[in-house]
Amino acid sequence: MIASADGAATINGRAGGLGNATDQQVLGLLRALADVVIAGAGTVTAEGYGPARAREHYQELRAAADQPPAPRMVVVSQRLQLDFESTYFTEASQPPIVVTCEAAPADRVLAARKVAEVVLAGDSVVSPARMVDALVALGLRRLLCEGGPTLLAMVTADGVLDELCLTIAPMLAAGPSRRILEGPPLDPAPKMALTQLLQDDDDLLYARYEVRR
């Protein structure tokens, strides 16, 4: 995730306006370490997600971890208002995984099954804990969640957040921008331990926290 120094998770509705090339390199490395890249439907649409690509400079790393050339993409959506004709689905080297719930419209579930593997992880809403169990059952253990804020809040509330990689951009946004977690207050608030902090030439900070159990 990325946020401005005053806590804004987006600029003009997108997270992309906060980062730089180094932040994109960090994101690329995190994806290179992952079995799957998870994002909510809103983030996939707003940020213009495409299919995962095999990056040549990460192939040795992935091969050593017995991973395929690119991670699988996972989109979380409760109503399945997704564009199944987008490149995210049509140009994927591996079928994406669509995580939804039992209450999702049946016609949309059928449409999703034509272009993706569908995982039902919840009754009326998606349960992140059940999603994690389902992905692990598929042999996918290194899970990278890229948000957005609503999904990340759900993941945290369900107790399945292990670590947080947070880029802090040296800018002030103010206004009504979202935070990196958006949902009901967490009680108790999870405590974290800072395990790594890096700084680039543009004064962006790259923090890695582990959630204390």
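The values are calculated or read from the model by the stated rules, or taken from the named source; none is laboratory data. Small disclaimer: the values here were computed from a predicted structure and weren't measured. No Cβ is skipped: glycine too gets one built from the backbone with ideal geometry, and neighbour counts run over all protein chains shown.
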### Query
Out of all the residues in the stretch 135-152, which are within 23 Å of Met1 (Cβ to Cβ) and outside any loop (DSSP other than H, G, I, E, B)?
Leu135, Val136, Leu143, Leu144, Cys145, Pro149, Thr150, Leu151, Leu152
#### Entry: Whichever residue in the stretch 158-206 is crowded, with 17+ Cβ neighbours inside 10 Å and of a type in the set (Gly, Ala, Ser) and, among such residues, is farthest from the chain's Cα centre (by Cα)
Ala173
### Filter pass, Glu102 being of a type in the set (D, E, K, R), closer than 13 Å to Ala116 by Cβ and modelled with pLDDT of 95 or more
no
### Query
Could you say whether any residue in the stretch 173-191 is under 21 Å from Leu29 (Cβ atoms) and either part of a loop (DSSP other than H, G, I, E, B) or touching a Lys or Arg at 6+ places or on another chain (Cβ under 9 Å) (or both)?
yes
#### Entry: Qualifying positions in the stretch 104-140 - surrounded by fewer than 15 Cβ atoms within 10 Å (Cβ to Cβ) and polar (S, T, N, Q)
Ser124
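Could you pull out the residue among Leu152, Leu166, Leu161 that is of a type in the set (A, V, I, L, M), in contact (Cβ under 8 Å) with a residue 60 or more places away in the chain, closer than 22 Å to Tyr209 by Cβ and touching a strand residue (DSSP E or B) at 6+ places or on another chain (Cβ under 6 Å)? It would help to see each step written out before you state the result.
On the way: Leu152 fails: touching a strand residue (DSSP E or B) at 6+ places or on another chain (Cβ under 6 Å); Leu161 fails: in contact (Cβ under 8 Å) with a residue 60 or more places away in the chain.
Going through Leu152, Leu166, Leu161 in turn, the sole match is Leu166.
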### Query
Regarding Gly7, is this residue surrounded by fewer than 20 Cβ atoms within 10 Å (Cβ to Cβ), assigned to a loop (DSSP other than H, G, I, E, B) and touching a residue at least 60 places away in the same chain (Cβ under 8 Å)?
yes
#### Entry: Cβ pairs under 6 Å, 6+ apart, first in the stretch 23-50 and without any contact (Cβ under 8 Å) to a residue 60 or more places away in the chain, second buried (at least 19 other Cβ atoms within 10 Å of the Cβ)
Ala41/Val75; Ala41/Ser77; Ala41/Leu82; Val44/Val75; Tyr49/Tyr88; Gly50/Tyr88
### Query
For the stretch 10-45, which residues satisfy the criterion of being among the hydroxyl-bearing types (Ser, Thr, Tyr) and in a helix (DSSP H, G or I)?
Thr22, Thr43, Thr45
### Query
Can you tell which of Glu91, Glu117 is more than 18 Å from Gly42 (Cα to Cα) and out of contact with any strand residue (DSSP E or B) (no Cβ under 9 Å at 6 or more places or on another chain)?
Glu91
